[in-house]
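Enquirer: One structure coming up, written as structure tokens, with questions to follow.
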Amino acid sequence: MSARRYRFAVPRALSPAITLALFIAGFAGATCLQAQTPASVSEGMQPEESAGEYVGVRDASVVRGLWVTRWEYRSAEDVAALLSRAAGYGITDVYFQVRGRADAFYRSNLEPWGAELTGTLGRDPGWDPLAVAVTEAHTRGLRLHAWINTFTMWNGSSPPPPSEPEHIFRTHPEWIMANRAGQTLRLGNRFGYVLAAPGNPAVQAHLQAVVLDIVSRYPVDGIHFDYIRLPDHDYSYDAVSRGRFLQESATLDTYMGWQAKQITGMLERIAAGARDVRPGLILSAAIVNHYHRAVSIFAQDPLSWLESGALDYVVPMMYTPSLPEYLDMLTGYLEVLPHEGVVAGINLNEMPGDPGTLAAQIFHSVATGVRGHALFSLANVDALTLSAGESSTDLYTLFENLHGQAFRRPVPAVAAAGGEPVEPESDTALSAAAIGRFANLLARLFRMVLGVIV
């Protein structure tokens, strides 16, 4: 049956009236949402104006994370200096990149030294970045997470040169993801990286070996997974994954669901093995910005990762300069995931020259009661503090001055008889999030109506 497009027969003269009605409805809705917020909350919940206990941004339970990329250090002195700055900024957790494209920024018999260190893949730089980072971080009271790009194999226009050990791009081309037509990813593809297939057991075993090698030889506080996903839903239809799915098709999983289970199962095995070697190890993962996109497009299942205990928390990369959009993303995750399982990922590149927006995003991440926030990246934080004339100072003093209030949230009240905690009725962040979601919905409705009646 052919699709047919219908239009409402609304006189053109009524369009301004309908538009005005939509505007009034939106204003009224936002006003009602704001009216639900108690005055003490909307005014910032200053200490002297509010009773009860609070968890502030500097509380030990709040993660104040910072990503440090593999391009931000070239020597042991660089690592010591950057970790000193991170401690001065008030950071608690550093995600220090040690695997970029199936290479190593630490001594490894499994993968070659990263070319960024010396200009040549596999060449020993004469020092061990991860060993230096762990020592320097712990000296300064920082938690050090080894940040690994998970399924990335290689990028650029040329394959990796010979090295010792040999690079997996050269030794295992059968690991590379393929599309529905069976065509493998090529160098220079639109995703940036050539990626390994999560449904291939050999890929999973190699990644588990990489993680266990790190945790068995370095006293890291955590492992942080990045690129732990498909590039989109049209991948990976490689021969090994398709063959395994067909053999297991009695499970009635969709292909996307089956691939998500492959990633989840790998994480569970890695977590069990890594925590057996290093009890108390923190496992986390950077994930895409919207929950529904993570699940439906990228085969990420953060709810299963948290419920199974494979991960301690996830870091949604909610990269946007728009506060309403940021709150929409954050609220979308908090509708599904436990608050303590979420650390809000914020990219300073998205708001150059606008520290006020950054301060607002951090404030709302604290006020919603998530586990913390992570900033991308160190170089951007350096640039921000320099532009503000506050080099190497506590970031949160700067942000709170910009925002005009303390970054904190009320501790939920507990029933006197030891009952369940009682959540606060509402707070600034949740009200703002609701307004942001309402505004986005209204904008979509507005565009739809105009497209139909005009």
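Enquirer: Assign one of three labels to segment 311-411, namely rounded, prolate or oblate, based on the Cα gyration tensor with a ≥ b ≥ c the square roots of its eigenvalues; rounded applies when a/c is under 1.5, prolate when it is not and a/b is larger than b/c, and oblate otherwise.
Expert: Prolate, because a/c is 1.5 or more and a/b exceeds b/c.
Enquirer: If I model a spin label at D276 and S308 as a point 7 Å from the Cα along the Cα→Cβ vector, what separation in nanometres do I get?
Expert: The answer from the label model is 1.6 nm.
Enquirer: Applying 1/(1 + (r/R0)^6) with R0 = 25 Å to the Cβ-Cβ distance of R107 and S84, what FRET efficiency is obtained, to the nearest 0.05?
Expert: E between R107 and S84, to the nearest 0.05, is 0.55.
Enquirer: Take E116, E164 and order them by how many other Cβ atoms sit within 10 Å, fewest up front.
Expert: Listed from fewest to most nearby Cβ atoms, that is E164, E116.
Enquirer: Students often check this: by mean Cβ neighbours within 10 Å, which of 104-112, 363-371 ranks highest, and how do the rest follow?
Expert: My ranking of the peptides, most packed first, is 363-371, 104-112.
Enquirer: Something else about it: May I ask you to sort W175, W305 by Cβ crowding, counting other Cβ atoms within 10 Å and putting the fewest first?
Expert: Ascending Cβ contact count within 10 Å gives the list W175, W305.
Enquirer: If you don't mind, another one. For segment 137-255, just the Cα set please: Rg and Dmax, both in angstrom.
Expert: Using the Cα atoms of segment 137-255, the pair Rg, Dmax is 16.5, 53 Å.
Enquirer: Please work out, to two decimal places, the log10 of the ratio I(q)/I(0) at q = 0.13 Å⁻¹ from a Debye calculation in which every Cα of segment 54-410 carries one identical scatterer.
Expert: These q points yield log10 I(q)/I(0) values of -1.04.
Enquirer: Okay, next question. Given a cut-off of under 8 Å on Cα pairs at least six residues apart, what relative contact order in percent is computed for segment 54-410?
Expert: 18 percent.
Enquirer: Also, quick follow-up: What per residue convex hull volume, in Å³, do the alpha-carbon atoms of segment 231-319 yield?
Expert: It is 108 Å³ per residue.
Enquirer: Still on this model: Using the number of other C-beta atoms within 10 angstrom as an exposure proxy, rank V57, V94 with the fewest first.
Expert: Exposure proxy ranking, most exposed first: V57, V94.
Enquirer: Which FRET efficiency value, to the nearest 0.05, is calculated for L187 and R269 with the Förster distance at 25 angstrom and r the Cβ-Cβ distance?
Expert: 0.25
A short reminder: the numbers here are calculations on the coordinates, not readings from a lab. All figures in this text were calculated on a predicted structure; none of them were measured in a lab. Cβ sites come from the backbone with ideal geometry, for glycine too, and all protein chains shown count toward neighbours.
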